[in-house]
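A.B. asks: The structure is given below, and queries will be raised subsequently.
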């Protein structure tokens, strides 16, 4: 990888980190949990980006880093949806009604 591609990659990583920080920082604490399910698409975009980066990898080191990024991205997406589902179950009123009737 030449020096120009390296700096472009660093720029993309820094820009992604800054964007993620700003997005999360501006969400009020009260809305953080309900918006978690809506933010899972961001994790999906990260996963797609990792897959694209892995597809363009040429050296063994790039392939290893890309593979680890895909695995971690997939775990992040899966975990986000599992946690969101558990949170939504906590607020499910129909289950509470059924428990009171029984």
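Every number here is computed from the coordinates shown, using simple stated rules; none is lab data. Quick caveat: nothing in here was measured; it's all calculated off a predicted structure. Please note: Cβ atoms are built from the backbone with ideal geometry, for glycine as well, and neighbour counts cover all protein chains shown.
A.B. asks: By how many nm would the segment from residue 57 to residue 9 lengthen if fully extended, with 0.36 nm per residue of separation less the alpha-carbon distance?
C.D. replies: Numbers: separation 48, 0.36 × 48 = 17.28 nm, distance 1.24 nm.
This chain segment gains 16.0 nm when fully extended.
A.B. asks: Here is a further query. Whole-Å semi-axes of region 3-92's equivalent ellipsoid, largest first, each the root of 5 times a Cα gyration tensor eigenvalue?
C.D. replies: On the way: eigenvalues 180, 57, 10 Å².
Here the semi-axes work out to 30, 17, 7 Å.
A.B. asks: Simple spin-label model, 7 Å along Cα-to-Cβ: residue 23 to residue 41 in nm?
C.D. replies: 1.0
A.B. asks: Could you calculate the contour length gain from residue 94 to residue 81, that is, 0.36 nm times the residue separation minus the distance between their Cα atoms, to one decimal place in nm?
C.D. replies: Additional length available on full extension: 2.6 nm.
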